[in-house]
Amino acid sequence: MIKIEILLSVFNGEKYLIELFESLLSQTYRNFRILIRNDFSTDNSINIIKKYTKNYPDTFRLFHDSLGKSGTVNSFMHLLENTETDYLMFCDQDDIWKNNKVQSTFDKMRITEEIYPSLPILIHTDLEIVNSELESINSSLWKYQKINPKRTKLHQIIVQNIGTGCTMMINKPLIKIVHPVPDGIIMHDWWFMLVASTFGKIDYISESTVCYRQHELNQIGAKEYGRNKIIQRLKSLSVRAVENNYIKKQILAFKQRYKDDMPLDKKEIVDKFLEINNYGFIKKRFAYFINGFKKNGILRNLADIIFPI
């Protein structure tokens with residue numbers, strides 16, 4: 001069997017780590033290793049990690065480096081740059097993996113690789129949203145947030161990430177080209193989706209393979225799609241302006257990183273998106289939609305008409 005590496009960045013995760021680790025040990029497919037980076041936790045996380053690395057040395061490995069506190073994106077990418085494997089998965093410290101997650105994702109990856117040999121491939125799945133006590137909130141994040149996993153064209157991924165890192169598996173051709181990662185990216189999973197959409201294939205499993213825990217410390221939580229949420233966001237113009245600036249910064253970084261390697265049709269999409277940002281107040285509002293830069297859901301797109309990216 002081919003070994004898979006699962007990357008985990010930990011910061012003050014003592015409350016949930018044991019449940020996560022036990023769910024990983026309960027996987028039906030076990031030929032994997034978990035590479036963990038402790039991002040300078042101040043709680044008991046490191047002792048929990050050391051206990052599992054001692055008891056399961058073939059499964060858990062603590063990665064040591066000289067970096068200081070790095071944050072989620074840099075911590076994950078540093079792990080990625082220091083791994084050697086054919087397949088990578090990514091893990092969040094507060095989630096629970098359903099016991100067939102690795103097997104079903106890997107099966108889908110192998111099927112997709114047979115169809116598209118040698119291409120960079122990303123597989124992702126749906127998630128079940130649960131509260132801090134693992135009580136179900138919604139069986140499908142995609143339904144909860146009105147996400148269509150089929151919308152994987154580059155002009156769609158540029159304006160909205162539809163993949164969640166803790167559900168993803170990427171293959172070796174994709175691992176080779178996603179790093180080094182420049183400054184300016186929003187999240188590692190969005191970056192992977194951009195790269196896979198540009199150079200390879202994205203596929204999905206319509207199955208919730210993770211219990212996606214929601215609690216007060218979530219860095220990025222699952223917000224329900226709906227009219228009240230959209231109105232709330234429209235009222236927060238300063239927040240929206242910051243988010244939109246992050247998207248433009250990310251695409252500028254993406255163009256700079258891959259400008260010499262992008263297929264011509266994908267380069268034209270990136271250039272068109274950046275060009276639109278120079279349009280006037282009215283023209284910009286409609287240029288995104290004419291050129292296919294649309295998000296999931298009517299309300300999200302209405303928000304972009306009123307307050308364009």
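Data for the structure
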| read-out | value |
| --- | --- |
| Stretchable slack from ASN55 to ILE137, in nm (0.36 nm times residue separation minus alpha-carbon distance) | 26.1 nm |
| Residues ARG61, ARG257 arranged by fewest to most Cβ contacts within 10 Å | ARG61, ARG257 |
| Karplus 3J(HN,Hα) series, Hz, for the range 63-68 with 6.51 cos²θ - 1.76 cosθ + 1.60 (x for Gly, Pro) | 8, 10, 8, 9, 6, x |
| Full-stretch length increase - ASN12, PHE63 - with 0.36 nm per residue and alpha-carbon distance subtracted | 16.7 nm |
| Hz values of 3J(HN,Hα) by residue in the range 250-265 - Karplus curve (6.51, -1.76, 1.60), Gly and Pro given as x | 5, 6, 4, 5, 5, 4, 4, 5, 10, 4, 8, 10, 5, x, 4, 5 |
| Read-out mean projected area of the Cα convex hull in nm², derived from the coordinates shown; its label in [x] 17.5; [y] 16.0; [z] 20.2 | [y] |
| Built amide H within the under 5 Å cut-off of GLN214, gap 5+ | VAL130, ASN131, SER132 |
| Amide H contacts of ARG33 (H built 1.01 Å from N, under 5 Å, at least 5 apart or other chain) | ILE4, GLU5, ILE6 |
| Above-threshold pairs, the threshold being 21 Å between Cα atoms, out of LYS108/LYS172; LYS153/LYS255; LYS172/LYS295 | LYS172/LYS295 |
| 13 Å Cα-Cα reach of LYS150 towards aspartates and glutamates, excluding residues that sit fewer than 8 places from it in its own chain | ASP126, ASP203 |
| Value at 222 nm in deg cm²/dmol, rounded to 500, when DSSP H runs of n ≥ 4 in the chain each add -39,500 (n - 2.57) | -13000 deg cm²/dmol |
| Net dipole in debye of the chain [+1 Lys, Arg Cβ; -1 Asp, Glu Cβ; about Cα centre; nearest 20] | 1160 |
| Full-stretch length increase - LYS172, ASN100 - with 0.36 nm per residue and alpha-carbon distance subtracted | 23.7 nm |
| Rounded to 5, the percent of DSSP beta bridges in the range 73-226 classed as antiparallel | 50 |
| Nonlocal amide H pairs with PHE90, under 5 Å, H built at 1.01 Å | LEU7, MET168 |
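We did not get these values from a lab; they are worked out from the coordinates using the rules stated. Nothing here was measured: the structure is a model prediction, and the numbers come from that model. So basically every Cβ, Gly included, is an ideal-geometry build from the backbone, and we count neighbours across all protein chains shown.
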